[in-house]
Amino acid sequence: MTQGRFSRSRLEWFSSLPACLLLLSVVIFSTSSDIHNQMLRGGEQMWSGYYKLRMDPAKPECSVIQDIDAAVAEELAMAPSDDPMAALLGSHEKDPAEVRLAIERSAADCRAAHANYEDLQDKLTPGVRAYRAVELFVADLIAFGLAAQRYALVILVMLCAVTATLTRHHIAMRAMETRLDYTVSLTLQTVANAMLLGSSVIFRQSSLGSSTTVSAEELLLHNFWVIGFACLTLASLYRLFRVPDDLESGGNPNQAFLAVPLYTVMCLISGTYFALIGHSSGIGIYLGKMMELADMFLNVGLYVWVGMMLKQTRLATLVFNVFRPWRMPPEMLAVVAVLVAAIPTAYTGASGIFVIAAGAVIYSELRAAGARRHLALAATAMSGSLGVVLRPCLLVVVIAYLNREVTTDELFGWGIWVFVLTAAMFSLVAITVNRQSKFDLAPSAEAFPASIMALRPLIPYVLVIVAVVLLYRFALDVRMDEFSAPRLLPVIMLAILLYEHISLKNRGGRASGEFNHQGLERSVRSATNDTTAEIGALLLLLGLSVSIGGVIERSHIMEAFPQAFDSAWSAMVLMVIILVILGMIMDAFGAVILVTATVATIAYSSGIHPIHFWMVTLVAFELGYLSPPVALNHLLTRQVVGEAEVLAAQQEGGTFYQRHERIIMPLIAMGLSLLLVAFVPLMFYAG
């Protein structure tokens, strides 16, 4: 049904619109900090000493001494017992010269204080007061934004989690196809959500009953969690009794359990464990730890939003148009797609986010070029795997934030070489091991001019991006880097959407600007609709990954391993196994938090260089996301390309490799890369 500007559905009014406003507020609050810094500099340039004018100066309390001689005489006439300083020093006689010097200094200081006060009063012109009012308002806005970060995150997570539940958008091993799938999945979701609610209530009560005083802000945060999980429980209960009509009857019990969302499985495991050890508030406590990194998780939400807005643009199709004239064989085009995707992957924060954002376009373009379904699915799943080591990937920023042993510059510097290696391995596997097509490229004389022509539509996009980056650079003194990317990228994507609809209006010959406004609004609305469900699925999965990390931490599994190895080689073997397993069962950000607290210290103590260890960690995680039984990136690929395409691929014949190409090819490429990244550097520093 076509919707006008204000004809939103109820879900859009109560979910997408508030989520959009929350995300915009995060961008505004973070940008207001840059604006405030520029206002302080501008105030200092316009009025010297502006920093002293930000507050009304206090009038000095001292009185200027007019008659020094009289003050000296009065001080000398004072009885020694009346002078506490003289009594302390045991002195009964005052030196007139010293008394005069002290009074003269006091008088000079007082005159200077009054002169400074009068000078500041003279400088407080109406212009300064007006400027100061605006600057202080921005400062208060920043303070409010920083204080509200935790509340914004809880509201965003709960709002989007409820949306994901109502729209059946949680991440699971397979989609709900039958009524049995639906019943099993929603029943266990309801149980898990009730477990989350109970844990949050118990955590709230234990906090109130503790010896330490709970602040009003902490109590409000507890209440937000409780209300949020209550709404989530009611949403899953509502869905349980409102069975959709499009489901098939019957079902297989074994397959039905595969339709249970991953967050539900993690919740049931961690909740049961914490209940058995008498620590029922455990899930609530570990979810509360998300608040310590509220800005990071909000950035994840912003990156998802950026990815969904990217999905609304023509950028991916236009980039593919540049390579289409060469008539590349599917294997080579898959390599090009994965390599080109590395850059936007770095700017969308993590591999899973990019798969969600551009996976459908990559898959359809590869299929249009004649790629087999398995090859297209493999490339789509891997499209987000190579760019996680490139600047300004949020995951690397989090690693540097949690580990003082490494910096972002060091990690990104070595990340370039890891990217080159993984790209070479994927190219080698795709073009040699995996080749099933003839290499018959178009003549360069024919293809090159066509590619150059295909670049022309991309020039305006580049100009829009450069314009926004330069605006931030010169107006706000903000460079585009890993720290500013979360607040710049949403603005860049909004500018690109605005450009697309202006150009579309002009090409359509419409004189009215109404078409453009509706088109822009519809694109942002569609992107936000997708964002709410994806944020709910990802952040809830991330939060429960942190809870699973708590289970691993409290069960003292890691203590069963030596806390240091005599050989870095032996330690690396163990590290690789553990890190791949963590990548298979946990979200990236939750896994990084756990690894920082446990595995990293063992690696450092065993002689593994911190930078080397984290490069291995990133590659191992990506291998884990591509490895069964969970294979998160494959699950996200299934989610964006559709269940029908995956089922059609599974029904294709051929050799064992051809029938499982979508799984085997990424495993070979990333497995070889991991072995090289893990063990080759040891030859140079471990002996």
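The values are calculated or read from the model by the stated rules, or taken from the named source; none is laboratory data. Every value quoted in this text rests on a predicted model; they were computed, and no experiment measured them. Positions of Cβ are generated from backbone atoms using ideal geometry, with glycine treated the same way; all protein chains shown enter the neighbour counts.
So here's what we get for this one:
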| item | result |
| --- | --- |
| Residue in the stretch 455-478 that is of a type in the set (A, V, I, L, M), in contact with a Ser or Thr (Cβ under 6 Å, 6 or more places away or on another chain), assigned by TED's automatic domain parsing to the domain that holds THR348 and modelled with pLDDT of 90 or more present | yes |
| Flag for ALA346 being touching a Cys at 6+ places or on another chain (Cβ under 6 Å) and either over 30 Å from VAL680 (Cα atoms) or buried (at least 19 other Cβ atoms within 10 Å of the Cβ) (or both) | yes |
| Residue under evaluation ARG367, criteria (1) in contact with a helix residue (DSSP H, G or I) (Cβ under 7 Å, 6 or more places away or on another chain); (2) in contact (Cβ under 8 Å) with a residue 24 or more places away in the chain, criterion not met | (2) |
| Elements of type helices (runs of 4 or more DSSP H) contained in the stretch 391-458, each with 2 or more residues being among the charged types (D, E, K, R) and within 22 Å of the chain's Cα centre (by Cα) | 408-428 |
| The stretch 232-273: number of residues that are buried (at least 18 other Cβ atoms within 10 Å of the Cβ), more than 28 Å from the chain's Cα centre (by Cα) and part of a helix (DSSP H, G or I) | 3 |
| Condition met for ALA467 (among the hydrophobic types (A, V, I, L, M, F, W, C), under 31 Å from the mean Cα position of the chain (by Cα) and either in a loop (DSSP other than H, G, I, E, B) or closer than 22 Å to SER383 by Cα (or both)) | no |
| The stretch 558-578, residues that are loosely packed, with under 13 Cβ neighbours inside 10 Å and under 29 Å from the mean Cα position of the chain (by Cα) | ILE577 |
| Residues within the stretch 149-169 that are surrounded by fewer than 22 Cβ atoms within 10 Å (Cβ to Cβ) and either among the basic types (Lys, Arg) or free of Cβ contacts under 8 Å to residues at least 24 places away in the same chain (or both), tallied | 1 |
| Test: LEU196 is assigned to a helix (DSSP H, G or I) and farther than 17 Å from LEU234 by Cβ | no |
| One residue from HIS92, HIS114 being surrounded by 13 or more Cβ atoms within 10 Å (Cβ to Cβ), at pLDDT below 90, of a type outside the set (A, V, I, L, M, F, W, C) and out of contact with any Asp or Glu (no Cβ under 7 Å at 6 or more places or on another chain) | HIS114 |
| Failed criterion for VAL478 (all others in (1) surrounded by fewer than 17 Cβ atoms within 10 Å (Cβ to Cβ); (2) part of a loop (DSSP other than H, G, I, E, B) hold) | (1) |
| Helices (runs of 4 or more DSSP H) fully within the stretch 645-687 counting 3 or more residues that are crowded, with 16+ Cβ neighbours inside 10 Å | 661-679 |
| Yes/no for PHE274 being at pLDDT 85 or above, among the aromatic types (Phe, Trp, Tyr) and assigned by TED's automatic domain parsing to the domain that holds SER427 | no |
| The stretch 26-84, residues that are β-branched (Val, Ile, Thr) and modelled with pLDDT of 85 or more | VAL26, VAL27, ILE28, THR31, ILE35 |
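A quick yes/no check of all residues on (1) at pLDDT below 90; (2) among the charged types (D, E, K, R); (3) surrounded by fewer than 22 Cβ atoms within 10 Å (Cβ to Cβ):
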position: VAL338; (1), (2), (3): no, no, no
position: ALA358; (1), (2), (3): yes, no, no
position: ALA368; (1), (2), (3): yes, no, yes
position: HIS374; (1), (2), (3): no, no, no
position: LEU377; (1), (2), (3): no, no, no
position: ARG404; (1), (2), (3): no, yes, yes
position: PHE412; (1), (2), (3): no, no, yes
position: TRP417; (1), (2), (3): no, no, yes
